[in-house]
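First comes the structure, then the notes that go with it.
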Amino acid sequence: MIRKGERVAVGVSGGKDSLALSHLLSKLKERLPFTFEALMIDEGIYGYRDHTIEKAVKSLNALGISYKIFSFQKEFGFLLDEVESKVSKCSYCGVLRRYILNKKARELGFSKLAVGHNLDDEVQTILMNLLRGDFSRFSRTGYRYRKVHEKFVPRIKPLRGIPEKEVYLYALVNEVDFDESICPYATEAYREDVRNFLNYMESKRPSTKYTLLKSYDELFPYLEALTPKRISTCAKCGEPSISDECKACLMLEELSR
Amino acid sequence: MRIKLRLLREGALREVEGEDISEILEKVGFNTSSVILRRNGEVIIEEEVLDGDLVEVIPVVSGG
């Protein structure tokens, strides 16, 4: 997952997953030759992100991990709080946050971008995409990311096989101080249903989540073979894109209208 | 079994009865996958819960 001498960027939100991952990597770094740094995104969510960043900064300082903070305000000229849209703010937030993370990780010379997705996140996403019939997204939840574009920083998900409960326990046992507040814009009703279903199945049939991930991983090489090996370049910003213009640019245009 | 649950996120104390801890957790909208249990400040596994215990219920789901 991480090669010798590699420079890894870690996407940190201040929640348990990303801070447990930072803690884990700082321990691993004592034994393995690689370096890493935390990247944080301030979307501009008053009363939420300011607190989670404050918590993250404290925890990262305690672990001796250096970090950089990028904001929607500085990169795009607005706060997420100011976005007026008919669709959920989460869709803008997700796309624009990933856009900055990939761009900054690349510009800063990192070769991998580590994210804190845990087993629960992964199987929820797999099942949601399957239930929605979204083949394109369904084929993109794998254990590896190909370098589909020279400007794309492949993501790694070291906690992908670890249940959310165990990540929480890891943070608790190692006294990692993380933020537990809930984003005021969180409206993931579909994910909530899938999460409840999977937790119910897991309590009745232990190992359900592992089995689902394992089944997906066995299927993954076949899914990967059907997805494009190269993606195009956004005509507007030059970043990697599936179509002529990337989702981030399309969203930014829509918001400026 | 009958135990007292301190629901951390809600800040509520509830006394709940059920066949076992799974059933008790379900009655307050949780299950064994979605919470961590703590007794006297120490994390315990579900099987360690005893009749009459006061148990803290910590939801593990993150906030997005």
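The values are calculated or read from the model by the stated rules, or taken from the named source; none is laboratory data. Quantities reported herein were computed from a predicted structural model and do not represent experimental measurements. Positions of Cβ are backbone-derived with ideal geometry, glycine not excepted, and every protein chain shown enters the neighbour counts.
Brief remarks follow.
- For the range A:86-179, the helices (runs of 4 or more DSSP H) that sit wholly inside it and include 2 or more residues that are within 22 Å of A:VAL8 (Cα to Cα) and among the β-branched types (Val, Ile, Thr) are A:89-107.
- Filtering A:LEU28, A:LEU39, A:LEU79, A:LEU108 for residues that are closer than 22 Å to A:PRO240 by Cβ and more than 16 Å from the chain's Cα centre (by Cα) leaves a single hit, A:LEU108.
- Yes/no for A:GLU202 being assigned to a helix (DSSP H, G or I), closer than 28 Å to A:LEU131 by Cα and more than 14 Å from chain B (Cβ to nearest Cβ): no
- Residue within the range B:1-8 that is out of contact with any Asp or Glu (no Cβ under 6 Å at 6 or more places or on another chain), charged (D, E, K, R) and surrounded by 13 or more Cβ atoms within 10 Å (Cβ to Cβ) present: no
- If you go through the range B:3-20 and pick out every residue that is at pLDDT 90 or above and under 20 Å from A:ARG195 (Cα atoms), you end up with 1.
- Subset of the range A:217-250 (residues that are surrounded by 15 or more Cβ atoms within 10 Å (Cβ to Cβ) and in a helix (DSSP H, G or I)): A:ASP217, A:PHE220, A:LEU223, A:GLU224, A:LYS247, A:ALA248, A:CYS249, A:LEU250
- Extreme residue, farthest from the chain's Cα centre (by Cα), among residues of the range A:162-183 that are charged (D, E, K, R) and more than 10 Å from chain B (Cβ to nearest Cβ): A:GLU175
- Within the range B:28-51, the set of residues being out of contact with any helix residue (DSSP H, G or I) (no Cβ under 9 Å at 6 or more places or on another chain) and surrounded by fewer than 10 Cβ atoms within 10 Å (Cβ to Cβ) comprises B:ASN40, B:GLY41, B:GLU42, B:ASP51.
- When A:LYS204, A:LYS165, A:LYS157 are screened for being basic (Lys, Arg), surrounded by fewer than 18 Cβ atoms within 10 Å (Cβ to Cβ) and without any contact (Cβ under 8 Å) to a residue 60 or more places away in the chain, only A:LYS204 passes.
- Test: residue in the range A:43-61 that is exposed (fewer than 14 other Cβ atoms within 10 Å of the Cβ), at pLDDT 95 or above and part of a strand (DSSP E or B): no
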